[in-house]
Amino acid sequence: MTITLDAEAIYRTLAQHVREEIAGRDVKLVGVHTGGVWIAERLKEELKIAHPVGVLDISFYRDDFARGGLNPSVKPSRIAFDVAGAEILLVDDVLYTGRTVRAALNELFDYGRPARIDLAVLIDRGGRELPIAAQMIGATVQVPADVSIVLSRDEANRLHLTLEQKPRG
């Protein structure tokens, strides 16, 4: 089963929510590797945010790290601004159980104590295991637990979303 969602239309909805929410604020964007970074980079450009986009690779902070081991694509996190006292907009592609966001928050606090953190996600798919909620959402999509929502990006920087059946294990 592969179903395609209109990622660009969903992104435009998210960008509008972000524009309204951060108006008049000095917000610094931090994207969760990989999809969250793609979205944060687009938001920075479209909303004319002056600060560089911070990048979090939360692989070492995941609570399932011991089970999965080290992913060979792990890259170091990069935040080129002072997190302490900053207003941060944490950006991710899909919010599901909340565990990725929890890991991102843990790593973010290793860089300092922000004044405020808001969460923006392209897709909220429900299924929370932790009390985490996004303030800005592009779309809410209900899918079965055995289906993954996968974000990709083409050479022209356009976003694409597909629903893919998880392999039976």
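Could you say whether any residue in the range 121-129 is closer than 17 Å to Tyr11 by Cα and out of contact with any Leu (no Cβ under 6 Å at 6 or more places or on another chain)?
yes
Filter the range 138-148 for residues that are surrounded by 14 or more Cβ atoms within 10 Å (Cβ to Cβ) and within 9 Å of Gln165 (Cα to Cα) and give the result.
Selection gives Val147, Ser148.
Pull up the range 128-169, narrow it to residues that are outside any strand (DSSP E or B) and small (Gly, Ala, Ser), then point me to the one that is nearest to Val91 (Cα to Cα).
Ala134
Which of the residues spanning the range 1-17 are among the polar types (S, T, N, Q) and not in a helix (DSSP H, G or I)?
Across the range 1-17, the qualifying residues are Thr2, Thr4.
Do any residues in the range 6-24 that are under 21 Å from Ile117 (Cβ atoms) have Cβ atoms under 8 Å from those of residues that are of a type in the set (Ser, Thr, Tyr) and at pLDDT below 95, where the two are at least six apart or on different chains, and which pairs are they?
none
Restricting to the range 21-33, name every residue that is of a type in the set (A, V, I, L, M) and part of a helix (DSSP H, G or I).
Taking the range 21-33 as the starting set, the residues that turn out to be of a type in the set (A, V, I, L, M) are 22-23, 27, 29-30, 32.
Answer for the range 21-33, where residues must be of a type in the set (A, V, I, L, M) and part of a helix (DSSP H, G or I): just Ile22.
State yes or no: is Ala86 more than 22 Å from Ala7 (Cβ to Cβ), within 15 Å of the chain's Cα centre (by Cα) and either at pLDDT 95 or above or not basic (Lys, Arg) (or both)?
When the stated conditions are applied, Ala86 does not pass them.
Per-residue answers, yes or no, for (1) assigned to a helix (DSSP H, G or I); (2) over 23 Å from Leu159 (Cα atoms); (3) at pLDDT 95 or above:
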residue	(1), (2), (3)
Arg19	yes, no, yes
Val37	yes, no, yes
Pro52	no, no, yes
Ser73	no, no, no
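Report the residue count in the range 34-48 for those that are surrounded by fewer than 20 Cβ atoms within 10 Å (Cβ to Cβ) and either in contact with an Asp or Glu (Cβ under 7 Å, 6 or more places away or on another chain) or among the hydrophobic types (A, V, I, L, M, F, W, C) (or both).
Qualifying residue count for the region: 1.
Given the conditions (1) free of Cβ contacts under 8 Å to residues at least 40 places away in the same chain; (2) surrounded by fewer than 16 Cβ atoms within 10 Å (Cβ to Cβ), and given that Gln135 satisfies all but one, which numbered condition is not satisfied?
Every condition holds for Gln135 apart from (1).
Considering only residues that are surrounded by 20 or more Cβ atoms within 10 Å (Cβ to Cβ) and either within 19 Å of Glu41 (Cβ to Cβ) or hydrophobic (A, V, I, L, M, F, W, C) (or both), which ones fall in the range 108-129?
Within the range 108-129, Leu108, Leu119, Ala120, Val121, Leu122, Ile123 qualify.
The values are calculated or read from the model by the stated rules, or taken from the named source; none is laboratory data. Because the structure is a prediction, the values reported are computed rather than measured. Glycine gets a Cβ as well: all are built from the backbone with ideal geometry, and neighbour counts include every protein chain shown.
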